[in-house]
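Asks: Provided herewith is a single structure, encoded as C-alpha cells, for subsequent inquiry.
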Amino acid sequence: MKQEERRQQTTRLLLDTVKELIREKGCHAMTMKDIMDRSGLSKGAIFHYVKSKDEIFVWVLQERLEETNTQFMNKVELGRRSFEEPMRKIAESILQYENPQDVTNKVLLYLLGKEDQPVIAEALQQYYERSMELSRQWIMTGQRYGVIPASVDPDKTADMFVLLTLGLRVRSSIPLTAASFKGHDFTSMISDMLQSRK
C-alpha cells in the first residue's frame, strides 16, 4: 500500500472512531486510550498523525465544512446553473446546526471552551476563515452564473452567513431552548436575500 493511501485510511479510521466516541461519551470524557482501543491503532500510529485528540476534533469540524463545499460544487459542476440545487446542499448542512446531538456542534463548543490554548485558537481561527472563504466563494459562484445578483456584497453576506450559523450551533447546546427562528427560516431568509436583488 502506498504511503498516501495508508495516510488516508488512517485519517478516515481516526475520524470515524472519534465521531463514534463523541456520540457515545462526548468530547470531554473521551481519552486517547478510548481512541486506541476502538480504532485498534497504537499510540505511536496515532501520534504519527496528531499530537492530541483535539487535533482530531479539528479534523471533524473541518470535514463537515469541506463536505458541504464538495456537495455544493458538485451541483454547480453538474450543469445545475440554478440557485435551488446548490442552495439545497447548503441548507441541508444548516439544518444540522440546530441538532444538539450533531457531532460537529459538540466539537465546536468543546473547542471554543479551550480557545486560550494557542493551537486551539489557531485552529478556530482557521475554521472561521475557511467558513468565510467558502461562503464568499458560494456567493461569487452564484454571481458568476447569474443566479445571484452582482449587487450582493460577498464579504458582508458571507460574514452574516457565518455569524448566524455559529449562533445556531451555540443555541443548539442550550437545553430546553424554544426557538422561533430556526434553520429553515434562516435558509429561507438567505435565499430571499440573495435572489430578491435581481
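Asks: What distance in nm lies between label points placed 7 Å from Cα along the C-beta direction at A45 and A29?
Replies: 2.6 nm
Asks: Can you give the extra length, in nm with one decimal, that the chain gains between D116 and R144 once fully stretched, where that is 0.36 nm per residue apart less the Cα-Cα distance?
Replies: Taking D116 through R144 to full extension adds about 6.1 nm, to one decimal.
Asks: Could you tell me which residue out of L65, T157, T187 lies farthest along the dipole of segment 53-195 toward its positive end? Charges go on the beta carbon: Lys and Arg +1, Asp and Glu -1, centred on the Cα centre.
Replies: Looking along the dipole axis, the top candidate is T187.
Asks: Would you please give the FRET efficiency between F181 and E84, computed as 1/(1 + (r/R0)^6) with r the Cβ-Cβ distance and R0 = 25 Å, to the nearest 0.05?
Replies: With R0 = 25 Å, the Cβ-Cβ based efficiency is 0.70.
Asks: Further question on the same structure: Taking R0 as 30 Å, what's the FRET efficiency between L163 and S52 from their Cβ-Cβ distance, rounded to 0.05?
Replies: 0.55
Asks: Can I ask one more? Rounded, prolate or oblate: pick one for segment 68-131, where a ≥ b ≥ c are the square roots of the eigenvalues of its C-alpha gyration tensor, a/c under 1.5 means rounded, and failing that, prolate if a/b is larger than b/c, else oblate.
Replies: oblate
Asks: Which one of L134, V170, G146 is farthest out on the positive end of the charge dipole of segment 133-180, using unit charges on Cβ (Lys, Arg +1; Asp, Glu -1) and the Cα centre as origin?
Replies: After comparing all options, I get V170.
Asks: Under a Cβ-only charge scheme (Lys and Arg +1, Asp and Glu -1), can you give me the dipole magnitude of segment 26-155 about the Cα centre, in debye to the nearest 20?
Replies: Dipole of segment 26-155, to the nearest 20 debye: 320 debye.
Asks: Among the lysines, select those whose C-alpha is under 25 Å from the C-alpha of K53, and discard any that sit fewer than 8 residues away in the same chain.
Replies: Cα-Cα hits under 25 Å: K19, K25, K33, K43, K106, K114.
Asks: What shape does segment 149-198 have by the C-alpha gyration tensor, where a ≥ b ≥ c are the square roots of the eigenvalues, rounded means a/c under 1.5, and otherwise prolate means a/b greater than b/c and oblate the rest?
Replies: oblate
Asks: If packing is taken as the average number of other Cβ atoms within 10 Å across a peptide's residues, how do 101-108, 63-70, 12-19, 134-141 rank, most packed first?
Replies: 101-108, 134-141, 12-19, 63-70
Asks: Full extension from E92 to R12: what is 0.36 nm times the residue separation minus their Cα-Cα distance, to one decimal in nm?
Replies: 26.5 nm
Asks: How much length is gained if the chain between S188 and Q137 is pulled fully straight, taking 0.36 nm per residue apart and subtracting their Cα-Cα distance, in nm to one decimal?
Replies: So the extension gain works out to 16.4 nm.
Asks: I would also like to ask the following. Calculate I(q)/I(0) for segment 1-50 by the Debye formula, one identical point scatterer on each C-alpha and no solvent, and give its log10 at q = 0.18, 0.19, 0.28, 0.29 Å⁻¹ to two decimals.
Replies: -0.54, -0.59, -1.10, -1.15
Here, each number is a calculation from the coordinates, and none is a lab measurement. Values in this document were obtained by computation on a predicted structure and should not be read as measured data. Note that each Cβ is placed from the backbone with ideal geometry, even for glycine, and that neighbours are counted across all protein chains shown.
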